[in-house]
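Notes to accompany the following structure.
Derivation of every value follows stated rules applied to the coordinates shown; laboratory data play no part. Everything quoted here is computed from the prediction, not taken from an experiment. For neighbour counting, all protein chains shown are included, and Cβ atoms are generated from backbone atoms with ideal geometry for every residue, glycine included.
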Amino acid sequence: MTTTAPDDEAARWDSARAGDPESFGVIFDLHRNRVFRQAQRMSPTIHDAEDVTAATFLEAWRRRESVRVVDGSVIGWLLVTANHLARNLDRSRRRYRSLLEQMRESEHGTDPADEVAARLDTHAMTARVRDGFARLSKRDQDIITLCLVQQLSTADAATVLSVPPGTVKSRLSRARQRLARDVLASLDKGTAHTGGAR
């Protein structure tokens, strides 16, 4: 993994902001893996995660004048942008699926393969966590991403999100509790369904 001191990253970003593609390439190399891993957490497929990662850096280049640098790094801005783009992609995909299902039902009825795939996905722990995460507010998703997943300090997360550090602390605590409750409730439902099937 490439290591770059915060001062070096900040200087590179200043050059990128001025339009230097080579400096932007250094920033891309520095952060692409972390952005991709976050995109994977938010996306159901690797292909979607790749799309989100590419779109995140495209957005960073397009909006480079307004990208927020915190503690000499743009990683916080990149991660929050990846979350936002993944949510948008998921909404678009759901609308598209809904339209396809309506068309399929009117022509042929539902495809049994879709039902099997949905059941397998429902029983995967990653799907339960992803679903619980998706039920959190956008702000809470961003706080969990920055503080728990990416291990940014409360102060740095607060700066990225333009809120007081105390707000980050209280929201992080509530978001963790709610996510844990949702995942446990989902597991309980899965156990009840399995017990009822016997």
Query raised in the report: Sorted by packing (mean other beta-carbon atoms within 10 Å per residue), highest first, where do 170-181, 35-46 land?
Result: 35-46, 170-181
Report task. Please give the direction-averaged projected area of the C-alpha convex hull for segment 38-82, in square nanometres with one decimal. Result -> 3.0 nm²
**Report entry** Listed peptides 156-162, 12-18, 63-69, 141-147 by packing density, highest first (mean Cβ within 10 Å)
**Finding:** 141-147, 156-162, 12-18, 63-69
Query - Total formal charge among the other residues, if their Cβ is under 11 angstrom from that of Ala55, Lys/Arg +1 and Asp/Glu -1 - result: -3
